[in-house]
Amino acid sequence: MALLCAGFALPAPATPPLVDRFILGSNKGHIVPSECCWMPVPESMRLLDLKVNEGSQCSAMGGPVGVFEQKAGKLWLTGFETCGRKIPLDEVYPGLEEPALADWLSGTFKTRLGVPCRAFGGQPVLALEQELTVSEGVVTAVTEKYLNHSACRNHSE
């Protein structure tokens, strides 16, 4: 019986939280504020409703998350995603055209994007890490660092 109970004490793998999506040209990845966690978006009762109703249908916390695109030197909000579907911007903000300039964003943000490889721990490692400095949706500075993929199992360069 002690062995049976010991099995319940072992940590179980958890579903990683959803993170805000980031698109730069043909590259995809994720974006987070330098401080932590999720990108701020304007308040919306519809978004709150989606978090309560659709978020409970997903084993990963944090959804729906924003989909942001860097284009023409600016950050744009193009929509939202949950575990199961893409949510058009006008479903959350009626009357707002897609894409919407993310002029509420100012500060520094970190991105990772590119083709993922699997490190030995099983977590994806993305090819390019950026730090974006943004002022009212306009990207004013970008610092880039290409990550070393030599530890990846599926590394093929």
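The values are calculated or read from the model by the stated rules, or taken from the named source; none is laboratory data. Here the structure is a predicted model, which means the values were calculated and not measured. Here the Cβ is made from the backbone with ideal geometry for all residues, glycine too, and neighbour counts use every protein chain on show.
When the stretch 19-50 is limited to residues that are part of a helix (DSSP H, G or I) and buried (at least 17 other Cβ atoms within 10 Å of the Cβ), the one that is modelled with the highest pLDDT turns out to be 47. Taking the criterion of being under 17 Å from residue 28 (Cβ atoms) and surrounded by fewer than 16 Cβ atoms within 10 Å (Cβ to Cβ), the only residue of the stretch 86-109 that qualifies is 86.
Total residues in the stretch 98-112 satisfying the condition of being touching a Leu at 6+ places or on another chain (Cβ under 8 Å) and either hydroxyl-bearing (Ser, Thr, Tyr) or not in a strand (DSSP E or B) (or both): the figure is 6.
Residues being under 14 Å from residue 18 (Cβ atoms) and crowded, with 18+ Cβ neighbours inside 10 Å: count how many of those fall in the stretch 61-78.
Applying the first criterion (under 14 Å from residue 18 (Cβ atoms)) to the stretch 61-78 yields 61-68.
Then drop every residue that is not crowded, with 18+ Cβ neighbours inside 10 Å, which leaves 63-68.
The qualifying residues number 6.
Within the stretch 135-157, track down each residue that is farther than 24 Å from residue 107 by Cβ and either modelled with pLDDT under 55 or part of a strand (DSSP E or B) (or both). Write out each step before concluding.
Going through the stretch 135-157, the residues farther than 24 Å from residue 107 by Cβ turn out to be 148-157.
Correct list: 152, 153, 154, 155, 156, 157.
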